[in-house]
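The values are calculated or read from the model by the stated rules, or taken from the named source; none is laboratory data. The model shown is predicted, which means the values in this text are computed figures rather than measured ones. In this analysis, Cβ positions are derived from the backbone assuming ideal geometry, glycine residues included, and neighbour counts consider all displayed protein chains. Each accessible area value is taken on the protein alone, full model and side chains, heavy atoms only, with ligands, DNA and RNA left out. Shrake-Rupley method; radii C 1.70, N 1.55, O 1.52, S 1.80 Å.
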Amino acid sequence: MIPLPKQMREFKKCFWMTSRVLYQRNADLPEKLFRFLVADLDAYYHNLISDGFLDDDNTMSVRFKLAPFTKKVPPDYYFLKVDNLAIQIQAESQNGLIHAVQTLKQHLYKAYHYVHDEFDEPGDLPCLEIRDWPSYPWRGLHLDVSRHFFDFKFVQRYLDWMARSKLNKFHWHLSDDQGWRLESRKFPRLHEIGAWRKDADGSVYGGYYTRRQVKAVLDHAALRGIEVIPEIDIPGHAMAILAAYPDLACVPRDFEVLKVWGISEDILCAGKDGVIAWLKELFSEVAELFPGQYVHLGGDEAPKQRWQACPHCQKRIKDEGLADEEALQGWLVKTLAKHLRNLGKTVIGWDEILNGQPGQDPIVMAWRGDGIDAARRAHDNGNRYILCPYTKLYFDARNNEYETVGTDQIILWGDVLGFRFSDYTFGRQQLLLGAQANVWTEHLADRADLKEKVANRLRPLAEILWNGEPVEDVWEFWDRWRDLNFTL
Ligand SMILES: [Zn+2]
């Protein structure tokens, strides 16, 4: 199994899988979730035994129970027991039940495809008892849909991959220099203009998600225990926004949605009151559309040349008593964080936001280099932080030296298994929320490229995020991997 359950006991007995399954739930388990879990398990189970040779009078009973345990247990803890009469699943949270079903699916797959010893037959489900919980609350996967666009149906498949690996945070990078991807009621030029770029050959590339499609993604995620974190990257990486609303720049001109990769010197003005009001309205709309706790406002790679030359920005620095342009970005982050806090949200930013003293509210994503310096700075400043270091967890890197698609970096799946949370803890351990892998798509133009990058490293990622420790024995891990369905 991947990830390996925290506690597992196996027994010599087996449960005889039949083609009949009786599903039961207690009253506290919501009907909608119960129907989803049953459909998920049932489709899987019946696919496994679709040749129909298993059929007798036995009925397999699977009992779901959403209820507190008598002892105190960690968040999203679940209990799974297979004995010769029934399969029992219990958890205190809906996510616990969702994770338990993923574990059971892996157990069923292995039981059906691998014969354990000479007495077993496919279809004998070994009895076992599992008590399991995640080590960290943040187990994420990111997707950049700006550089290349992936439609909402594909995003739903992406969430399916995540769910199978017990990941619970989907970081949706919805805007960048090369495209804005969200329908906006308040500022429709964002999707009408900002979602499209002209390539060198004159063709138009782009796309965006309608509000309905976003809601379909959110529903899909919720049933799988995944929270969606929208990212609107400001004040840099904002050329798609500026193409739609040029007045948001320090010096307005005709901007174009970029068709090349890199960092733009043109960024949003932080001096004009109109820009601040505009951003508050935009983030209010985003906060209303996305029900989760978090909103990511980027903050990375924002060169300060424009602000240095802008009278509005310089006036803001003077009026607010700020030290310099970095502090102005800190002021901007603080202002928007306060606005979003009033809407019940917590903001997240890339680690550059620490340069401007943004206060302790924002959660910091440590990404630059190996992430250790950024993590330490966040920790020492008292900010909560999430790890996604460039040299370790950037899945747009190539899988090996033979691959041609991807960045210049090579990150082997074995490297992911060696990821050490202990390199990033400095005292107050509760400030470290967990980690995620980032999937930027400058070099990943289509689904096949993207899948290749994620598929190879997703199971190792699942293992280290769930259990919070590096895997020392790669071959033991490989044995477990081989027991799983490889298709994502
Ligand atoms: Zn300005």
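Summary table
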quantity	calculated
Qualifying position, being in contact (Cβ under 8 Å) with a residue 24 or more places away in the chain, in contact with a Leu (Cβ under 6 Å, 6 or more places away or on another chain) and open to solvent by 10 Å² or more (accessible area, probe 1.4 Å), among V439, V471	V471
Any hit, segment 254-274, residues being under 29 Å from the mean Cα position of the chain (by Cα), of a type in the set (A, V, I, L, M), open to solvent by less than 10 Å² (accessible area, probe 1.4 Å) and under 30 Å from K198 (Cβ atoms)	yes
Close pairs (8 angstrom Cβ cut-off, 6 or more residues apart or separate chains): closer than 16 Å to P358 by Cα and open to solvent by 80 Å² or more (accessible area, probe 1.4 Å) in segment 303-325, within 13 Å of the ligand (Cβ to nearest atom) and not β-branched (V, I, T) anywhere	E320/L328; E320/W331
Single unsatisfied condition, A327 versus (1) within 16 Å of the ligand (Cβ to nearest atom); (2) assigned to a strand (DSSP E or B)	(2)
Condition check for E452: assigned by TED's automatic domain parsing to the domain that holds S165, among the acidic types (D, E) and assigned to a loop (DSSP other than H, G, I, E, B)	no
Whichever residue in segment 277-290 is within 16 Å of the ligand (Cβ to nearest atom) and free of Cβ contacts under 8 Å to residues at least 60 places away in the same chain and, among such residues, is most open to solvent (accessible area, probe 1.4 Å)	A277
Breaking point among (1) open to solvent by less than 40 Å² (accessible area, probe 1.4 Å); (2) not in a loop (DSSP other than H, G, I, E, B), for G369	(2)
Filter result (under 22 Å from D266 (Cα atoms) and outside any loop (DSSP other than H, G, I, E, B)) within segment 163-189	H173, S175, D176, G179, W180, L182, R189
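Condition check ((1) within 16 Å of the ligand (Cβ to nearest atom); (2) in contact with a strand residue (DSSP E or B) (Cβ under 9 Å, 6 or more places away or on another chain); (3) not assigned by TED's automatic domain parsing to the domain that holds S184) across all residues:
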position: G274; (1), (2), (3): yes, no, no
position: L297; (1), (2), (3): no, yes, no
position: A302; (1), (2), (3): yes, yes, no
position: H312; (1), (2), (3): yes, no, no
position: K315; (1), (2), (3): yes, no, no
